[in-house]
Amino acid sequence: MQTAEITSEDLSASVIAVPPLCRAADLTIDREQNRRLIAHLEKGGVRTLLYGGNANLYNIAVSEYAFLLELLRDEVKEDTLVIPSVGPFYGNIVDQAELLKDSGFPAAMVLPTLFPANPAGVATAVRHFVERARIKAILYIKDDAYITPELVAELVADGLVSCIKYAVVRKNPAHDDYLRDLIERVDRRMVVSGIGEQPAIVHMRDFGLVSFTSGCVCVAPSKSMRMLDCIKAKNFVGAEKIRATFSGLEDLRNTHGPIPVLHHAVALAEIAETGSLLPLMADLGNDLMGPIEGAAVALLKSSGV
């Protein structure tokens, strides 16, 4: 596992995979199945793994967090950057910060919530996390109301933020005043597009973001990496052709929930057994398993695997 502080070169070198967390029938974390999923991603060239929303770390017990950190440290290659998440609530943030202290992870992402929270309180929580964990935080911005660009800039100026995952959904991602304001206040090389392949081309081409996060990369890692390479080479036509192949699975995620659809897709494509979703989430109905399997298998096959 990479332990050095995260740089813009690290961010730009790989698609940032956001995998599900595989669990056994009794809902405990399944080491072997998570190993299979990690190996699939690394074989496809991915070298950055971010365990957050798709892993349902919103609902993880603090009592199993130390085991998760141990698993992630042990199962990735030496040159793989792996980032856990904390939160979203303050009590979780400070408890998990103590477990992250001296753990070797270079940063952790703070999961966002809008209730009960406000921008000034979010900034304070980030400061307390960094003080306790002694590592930098990754900001995850999913809503304009979560934290202001001014507060983000203050946290960055104080050396508390490693990078920013920007994931506010817009009808037209090219029209984004918040993102424009943000990159005028902080180095855009520390900002990554956080909504998968769909807006990644626009975010990287028009706003200069350095990479993108993806859930569907867990199904077709080499294809997602080729899309990143095309964008970096300014081959936007080639990137768009690749992006379009992700639309079948992404459309299902948009309609039925990005977390549960990806969770089932990884299992239905026989990449790894993900088990049941950890409550407060629940598995999708059997009527959706056919469409999800069809989209996932088609995407996997199109990547040449």
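What is the residue count in the stretch 260-305 for residues that are in contact with a helix residue (DSSP H, G or I) (Cβ under 8 Å, 6 or more places away or on another chain), closer than 22 Å to residue 35 by Cβ and of a type in the set (S, T, N, Q)?
Residues that pass the stated criteria total 2.
Looking only at the stretch 251-274, decide whether some residue is free of Cβ contacts under 8 Å to residues at least 40 places away in the same chain and of a type in the set (Ser, Thr, Tyr).
Yes; the residues of the stretch 251-274 include at least one that is free of Cβ contacts under 8 Å to residues at least 40 places away in the same chain and of a type in the set (Ser, Thr, Tyr).
Given the structure, is residue 140 within 22 Å of residue 213 (Cβ to Cβ), of a type outside the set (A, V, I, L, M), crowded, with 21+ Cβ neighbours inside 10 Å and out of contact with any Cys (no Cβ under 9 Å at 6 or more places or on another chain)? Spell out the reasoning first.
Details: within 22 Å of residue 213 (Cβ to Cβ): yes; of a type outside the set (A, V, I, L, M): yes; crowded, with 21+ Cβ neighbours inside 10 Å: yes; out of contact with any Cys (no Cβ under 9 Å at 6 or more places or on another chain): yes.
Yes.
Taking residue 284, is it buried (at least 16 other Cβ atoms within 10 Å of the Cβ), assigned to a helix (DSSP H, G or I) and over 21 Å from the mean Cα position of the chain (by Cα)? Before the answer, list the steps.
On the way: buried (at least 16 other Cβ atoms within 10 Å of the Cβ): yes; assigned to a helix (DSSP H, G or I): no; over 21 Å from the mean Cα position of the chain (by Cα): yes.
Answer is no for this residue.
Quick check: anything in the stretch 13-26 loosely packed, with under 15 Cβ neighbours inside 10 Å and over 22 Å from residue 276 (Cβ atoms)?
No, that holds for no residue.
Which residue out of 113, 124 is among the hydroxyl-bearing types (Ser, Thr, Tyr) and part of a helix (DSSP H, G or I)?
Within the list 113, 124, the selection yields 124.
Taking the options 29, 38, 83, 60, name whichever one is crowded, with 18+ Cβ neighbours inside 10 Å and within 17 Å of residue 212 (Cα to Cα).
On the way: 29 fails: within 17 Å of residue 212 (Cα to Cα); 38 fails: within 17 Å of residue 212 (Cα to Cα); 60 fails: within 17 Å of residue 212 (Cα to Cα).
Residue meeting the stated conditions: 83.
Within the stretch 245-271, work out how many residues are within 18 Å of the chain's Cα centre (by Cα) and closer than 15 Å to residue 23 by Cα.
7
Evaluate the following for residue 28: is it at pLDDT 95 or above, within 16 Å of the chain's Cα centre (by Cα) and farther than 23 Å from residue 132 by Cα?
Spelling it out, it is not the case that residue 28 is at pLDDT 95 or above, within 16 Å of the chain's Cα centre (by Cα) and farther than 23 Å from residue 132 by Cα.
The values are calculated or read from the model by the stated rules, or taken from the named source; none is laboratory data. Because the structure is predicted, anything quoted here is derived from the model rather than measured. Ideal geometry is used to build each Cβ from the backbone, glycine not excepted, and the neighbour counts take in all protein chains shown.
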